Amino acid sequence: MMNQIPGGAAARPFATHHNELDLPMFMRIAPELYLKMLVVGGLDRVFEIGRQFRNEGIDLTHNPEFTTCEFYWAYKDAEDLMNVTETMVSECVKNITGSYKVTYHRNRDADGNPIDPVEVDYSPPYPRIPLVAGIEEHGKFKIPRPLDSEECRSFLEDKLKEFKILMPEPYTTTRLLDRLCDHFIEGTIVSPAFIINHPAIMSPLAKYHRSEPELTERFELFVMGKELCNAFTELNNPEVQRERFRAQMKDKDAGDLEAMPIDEGYCTALDYGLPPTAGWGMGIDRLTMFLTDCNNIKEYFIPSNEAH
């Protein structure tokens, strides 16, 4: 639960201190790097259901302490996991609720009664929306290439202002693309849909796309405008991984507190050889919210009759 390097996700960690060893430590933000080290060690399929801790904001669908299921599967890729995700999520919903279609209420009135019902259809297959192309289609503009250029970063910042989209600094390309995706794509999704092919600058642990320059083989599953799953073909080239970590440090130096630090221990593990592998993670708390018609994650953690 505690790490010396908070890796495996783009998130701000909780910092603590190990008194006996006199070491700065961090509550884990994800188990990803350690699970992939097990794959390096010869375990072709590994998983964990456990707690993660992220020192970030609290709202109706975010809590600093939450539960995830993560697995890593050698000799599979992101395409395989999209098919697995469609089957697993749809059948889970069907077996729990008796139908692929679930009514979810967006809000509660002053008396706590559910209002604003919407039907969420979990029937497969799910639409697939390329991240960059989706932003361009909805925004009706063309993003300059290369994506890691200052020209691109400046263009995206200008578009943020043009569309009056609020976002705190720093204005790194990674954060700007993420905010524009949230505005143009994520907020339009009700029934499950995949956002796919994230840029490499947004996905430091994902493998570069086999046919699309600057992109990765990654997808996120969204329901009701919220992320439910994140998965990708794992980057297994140690030198490219080191380059990605160094690029993350540039973002951290620019003020992005969620950028990943360099984890040389993980890169050394990759030097020994990670087989072609796909990795997948789901927020169990959020899935439970959607299937129990709960729109406040606090109600899932603390029963309403015990809340203060």
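Of all residues in the stretch 260-290, those being open to solvent by less than 20 Å² (accessible area, probe 1.4 Å) and more than 30 Å from V89 (Cβ to Cβ) number 4.
Residue count for the stretch 57-116, restricted to those that are assigned to a strand (DSSP E or B), out of contact with any strand residue (DSSP E or B) (no Cβ under 7 Å at 6 or more places or on another chain) and surrounded by 15 or more Cβ atoms within 10 Å (Cβ to Cβ): 1. Contact map, the stretch 5-21: residues that are more than 16 Å from E32 (Cα to Cα) paired with residues that are open to solvent by 70 Å² or more (accessible area, probe 1.4 Å) and not charged (D, E, K, R), Cβ distance under 8 Å, separation 6+ or inter-chain. Pairs shown: A15/P24; T16/M2; T16/P24; H17/P24; H18/M2; H18/P24. Check Q248 against each of (1) out of contact with any strand residue (DSSP E or B) (no Cβ under 9 Å at 6 or more places or on another chain); (2) without any contact (Cβ under 8 Å) to a residue 24 or more places away in the chain and name the one condition it does not meet. If we test Q248 against (1) out of contact with any strand residue (DSSP E or B) (no Cβ under 9 Å at 6 or more places or on another chain); (2) without any contact (Cβ under 8 Å) to a residue 24 or more places away in the chain, just (2) comes out false.
Of all residues in the stretch 129-140, exactly one satisfies the criterion of being outside any helix (DSSP H, G or I) and either farther than 16 Å from P199 by Cβ or free of Cβ contacts under 8 Å to residues at least 12 places away in the same chain (or both), namely K140.
Checking every residue in the stretch 210-222 against the condition of being open to solvent by 20 Å² or more (accessible area, probe 1.4 Å), among the small types (G, A, S) and over 18 Å from A9 (Cβ atoms) gives at least one match. Within the stretch 60-75, residues that are within 16 Å of M1 (Cβ to Cβ) and among the hydrophobic types (A, V, I, L, M, F, W, C) have Cβ atoms under 8 Å from residues that are part of a strand (DSSP E or B) and open to solvent by 30 Å² or more (accessible area, probe 1.4 Å) in these pairs: F66/R51, counting only partners at least 6 apart in sequence or on another chain. If the condition is being surrounded by fewer than 17 Cβ atoms within 10 Å (Cβ to Cβ) and either of a type in the set (G, A, S) or touching a His at 6+ places or on another chain (Cβ under 8 Å) (or both), then the stretch 223-246 contributes only G225. No other residue among T87, T103, T67, T97 is more than 26 Å from I201 (Cα to Cα) and touching a Gly at 6+ places or on another chain (Cβ under 8 Å) apart from T67.
Can you confirm whether the stretch 28-45 contains a residue that is part of a strand (DSSP E or B), touching a strand residue (DSSP E or B) at 6+ places or on another chain (Cβ under 9 Å) and among the hydrophobic types (A, V, I, L, M, F, W, C)?
Initially, the stretch 28-45 is screened for residues part of a strand (DSSP E or B), giving 45.
Narrowing further to those that are touching a strand residue (DSSP E or B) at 6+ places or on another chain (Cβ under 9 Å): 45.
Checking which are among the hydrophobic types (A, V, I, L, M, F, W, C) leaves us with none.
Within the stretch 28-45, none of the residues are part of a strand (DSSP E or B), touching a strand residue (DSSP E or B) at 6+ places or on another chain (Cβ under 9 Å) and among the hydrophobic types (A, V, I, L, M, F, W, C).
Looking at the stretch 10-22, is at least one residue among the charged types (D, E, K, R) and either open to solvent by less than 80 Å² (accessible area, probe 1.4 Å) or touching a His at 6+ places or on another chain (Cβ under 8 Å) (or both)? Don't jump to the end; show me each part of the working.
So the first thing to find is which residues in the stretch 10-22 are among the charged types (D, E, K, R), and the list is 12, 20, 22.
From the residues that got through so far, the ones that are either open to solvent by less than 80 Å² (accessible area, probe 1.4 Å) or touching a His at 6+ places or on another chain (Cβ under 8 Å) (or both) too are none.
No, there is no match, as no residue in the stretch 10-22 is among the charged types (D, E, K, R) and either open to solvent by less than 80 Å² (accessible area, probe 1.4 Å) or touching a His at 6+ places or on another chain (Cβ under 8 Å) (or both).
Within the stretch 131-162, being of a type in the set (G, A, S) and either open to solvent by 90 Å² or more (accessible area, probe 1.4 Å) or over 22 Å from the mean Cα position of the chain (by Cα) (or both) holds for G139, S149, S154. Scanning the stretch 117-128 for residues that are part of a loop (DSSP other than H, G, I, E, B) and surrounded by 13 or more Cβ atoms within 10 Å (Cβ to Cβ) yields a total of 4. Within the stretch 264-286, the set of residues being in a helix (DSSP H, G or I) and among the polar types (S, T, N, Q) comprises T268 only.
The values are calculated or read from the model by the stated rules, or taken from the named source; none is laboratory data. Only a predicted model underlies this, so the values are computations on that prediction, with no experimental measurement involved. Neighbour counts run over all protein chains shown; Cβ positions are idealised from the backbone, glycine included. Ligands, DNA and RNA are stripped out before the accessible areas are found, and what is left, the full protein with its side chains, is counted by its heavy atoms. Shrake-Rupley method; radii C 1.70, N 1.55, O 1.52, S 1.80 Å.
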